[in-house]
Structure formats: C-alpha cells, structure tokens
Amino acid sequence: MAAGFAAAAVAALGVVATTTPAAASQTSLVISGTSTVQYHCVEPPYPDADTTLDVTFTAPAVAHKGTNFTVTAKVKATAGIPIDVPANGTTASVGVVLSGSQSGTVTATGLTNTAVVPAGQLLTLTGGSATVSPTRVGVLLFTPGGFESTNWLGQHLVCTPITPPSVASLSIVVS
C-alpha cells in the first residue's frame, strides 16, 4: 500500500524516483527532486542581491517512524560565477523545511565544490546531508529553506527565499 501511495505522491509532485544500492543484496527506492529557488542574499560589505539556485534533495521513498534517515542535498547556481573558485573553496548549508505529516527544519551541512570552477561556469555544491527523525506516519515533504555559504576568502553569504519554494522531495513514513 505504501508503494502505491508513494507512486501517486511522486507523480503529483513531479519528482523522480530512482534506486540506489543499500547493500550488496538489496536496493532502496529514493525520491529525488529539484526546486528552483529565488533567494535574497546579504554578504557584507557588498550590496544585497537576488539570485536563483537549483536545490536538489534526495530522500528514501519509504521511511519508518522513529528511525532516523538521511536527506542529501545538492545546490547549483543558475548563472556563471565571476571568478575562479578553487576546489573546496566554498562550503555551504541549506535548510530542509519539513511539512506534511510533521513540521520543522533540519540543516543539510557539508556542501562544497569538489573541483575547481572556472570563471563563467556554474558552481555546483554537493555532499550535503541532514538527518531526519520522523515522528508521525504519513507523507513527509522536503522544501528548500535558507542557504548560507563561506568562501575561501572568508566571505559569508546568507540567503533567504524570496517566495515560498516548491517541494523538492518526499518520504512516506510508515509505522
């Protein structure tokens, strides 16, 4: 029953369900989706600016109430960057807003660019993860929240969504 409900929820939200290796003898279904988010950003001493980022969350399709699981995050700029960025030159975090069967926010930390990004290219940050502790049975939705980054020059950027972002992923929580 949960698998059929998950399929309907995935179709309704337009997210992609894939499988990933969970162990040598089994695979687990995950749901991955991207939300394009318009952010208002502050980075003193520079003027405030608006930017758009594609935020992707990947979560297990089915999770068990009371059992922690991981939501992974990837953030990609939608415009080229003005200067070269060294490998691991940017570290970041993004909020994962929980809605549906429970509410709250967890933070996906550990985002970074693993390779050099030349000026004019799109900066992609990968490796982010957040732990979710489901407390209620039902559909648990994951929506991007605030974004923060620090670059190799020590500059700290803080961004908040301008308009409410769309849901990026979900998990069906069963007992």
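Brief remarks on what is shown
- Report note on the peptides 72-84, 50-62, 28-40: ranked by the mean count of other C-beta atoms within 10 Å, highest first, their order is 50-62, 28-40, 72-84.
- Over region 129-175, relative contact order from alpha-carbon pairs under 8 Å, at least 6 apart, %: 49
- Here L122 and N68 are evaluated by their C-beta separation; at R0 = 35 Å the FRET efficiency comes out at 0.60.
- Residues of region 45-60 with an amide N closer than 19 Å to a point placed 7 Å from the Cα of T36 along the Cα-to-Cβ direction: 50-57.
- R0 of 30 Å, Cβ-Cβ distance T109-T163: FRET efficiency to nearest 0.05: 0.75
Rule-based calculations on the coordinates, nothing more; no lab input. What you are looking at is a predicted structure, and each value in this text was computed from that prediction instead of being measured. Please note: Cβ atoms are built from the backbone with ideal geometry, for glycine as well, and neighbour counts cover all protein chains shown.
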